[in-house]
Amino acid sequence: MSFKNISIEKKYGIATIKINRPKVLNALNEETIKELTKAVEELEQDKKTKVAILTGEGDKAFIAGADISAMSKMTTQEAKKFAELGHNMLFKIENSRLPFIAAINGYALGGGCETLMACDIVIAGKSAKIGQPEINLGIHPGFGGTQRLPRLVGRMKAKELLLTGRNIDAEEAQRIGLVNMVVDDDKLIETAEKIAGKIASKSSFQTDFIKSLVNKGMDVDLPSACELEISKFSSSFSTHDQKEGMKAFLEKRKPDFKGK
Ligand code: CAA
């Protein structure tokens, strides 16, 4: 499928997806959300792709939120459908077998902050600004912000950010656990690619297992979560990659993982 509002570039097992609406700071309208959802579904089927990087076109924004101009005309029913589309897209990213690295190049506001929270690793350029400013528009987050933010930063901090609509800089975002690392703006993509390359060299069986164990495990009680771990741990022993990983260690060489 060819896309109008996003671009995808693939190399060395890494797919870089760019939101491509720089004139409106990469705001998410319905069409862009549908394209991004489709892109995740397609990459999921592409066995050569092992990791995805998500970023925004230009140097001003990752995603400045849902498209306010489109939302300003929505009825209650249309707003419901729009929120459902956004949630569906973010669940696709969160539940994807592919680790998603968000590279935050500027504003990640509203739907942009909600998108980075569905990713697995978040790297921010020093000039990034992150927040949930929806309250300033007379609404609240509609793509999971009221739910993922407290799970990530704790309910007190989440309520402060949601109630004030205050945007925070990259350093503060790192301090509260919303961002993994902060790098110079001109090193952002290079850093994301370096981390993506490292992950791409691992067993794709295990990157999938680890991601789903952490995500699913956090939503159930600890004993049930540990049962999930036992189940995946034991099934790892019927994979080529477990045998290869341990054999390579014992033979003092680098493993050659095949994702099988
Ligand atoms: N939707 C639509 N258009 C947007 C947009 C958005 N979220 N963010 C920016 N734009 C547009 C602006 O309207 C402007 O368009 P024009 O050139 O046609 O006027 C263009 O992008 C450039 O923006 P600014 O001139 O405002 O740039 P700035 O540097 O002065 O300010 C900014 C940057 C602080 C990010 C400011 O644009 C801003 O506050 N944007 C809105 C951020 C926001 O409120 N996001 C939350 C949206 S609601 C949401 O996301 C709900 C949800 O959970 C689903």
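In table form, for the structure just shown:
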{"read-out": "Pairwise FRET efficiency - Leu222 versus Glu44, Cβ, R0 = 30 Å, nearest 0.05", "value": "0.55"}
{"read-out": "Residues of type aspartates and glutamates that Lys260 reaches as a straight line, Cα spacing below 13 Å, ignoring anything fewer than 8 places off in the same chain", "value": "Asp208, Asp241, Glu244"}
{"read-out": "Listed residues Cys119, Ile230, Gly177: farthest to the positive end of the dipole of the stretch 107-238 (Cβ charges)", "value": "Ile230"}
{"read-out": "Pairwise FRET efficiency - Glu171 versus Leu137, Cβ, R0 = 30 Å, nearest 0.05", "value": "0.70"}
{"read-out": "Student exercise, the stretch 125-225 dipole from Lys, Arg, Asp, Glu Cβ charges, in Debye to nearest 20", "value": "280"}
{"read-out": "Residue with peak Gaussian network fluctuation, the chain [Cα springs, cutoff 10 Å], from Phe209, Phe237, Phe62", "value": "Phe237"}
{"read-out": "Separation of alpha-carbon centers, the stretch 7-75 and the stretch 159-200, rounded to whole Å", "value": "18"}
{"read-out": "Estimated inter-spin distance, Phe233 and Leu152, nm [label 7 Å along Cα→Cβ]", "value": "2.9"}
{"read-out": "GNM result for the chain, Cα springs below 10 Å: residue of Gln45, Gln242, Gln147 fluctuating most strongly", "value": "Gln45"}
{"read-out": "Stokes-Einstein diffusion coefficient of the stretch 185-260, Kirkwood radius over Cα pairs, 37 °C, 0.692 mPa s, in µm²/s", "value": "231"}
{"read-out": "From phi via Karplus (6.51, -1.76, 1.60), per-residue ³J(HN,Hα) for the stretch 55-66 in Hz, x at Gly/Pro", "value": "8, x, 6, x, 10, 9, 8, 6, 8, 8, x, 5"}
{"read-out": "Members of Lys126/Lys194; Lys10/Lys60; Lys92/Lys198 lying beyond 21 Å, as alpha-carbon distances in this model show", "value": "Lys10/Lys60; Lys92/Lys198"}
{"read-out": "Relative contact order (%) - the chain, alpha-carbon pairs under 8 angstrom, separation at least six", "value": "16"}
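Each value in this text was obtained by applying a stated rule to the coordinates, not by laboratory testing. In this text the structure is predicted, and so the values were computed from the model without any measurement. Positions of Cβ are backbone-derived with ideal geometry, glycine not excepted, and every protein chain shown enters the neighbour counts.
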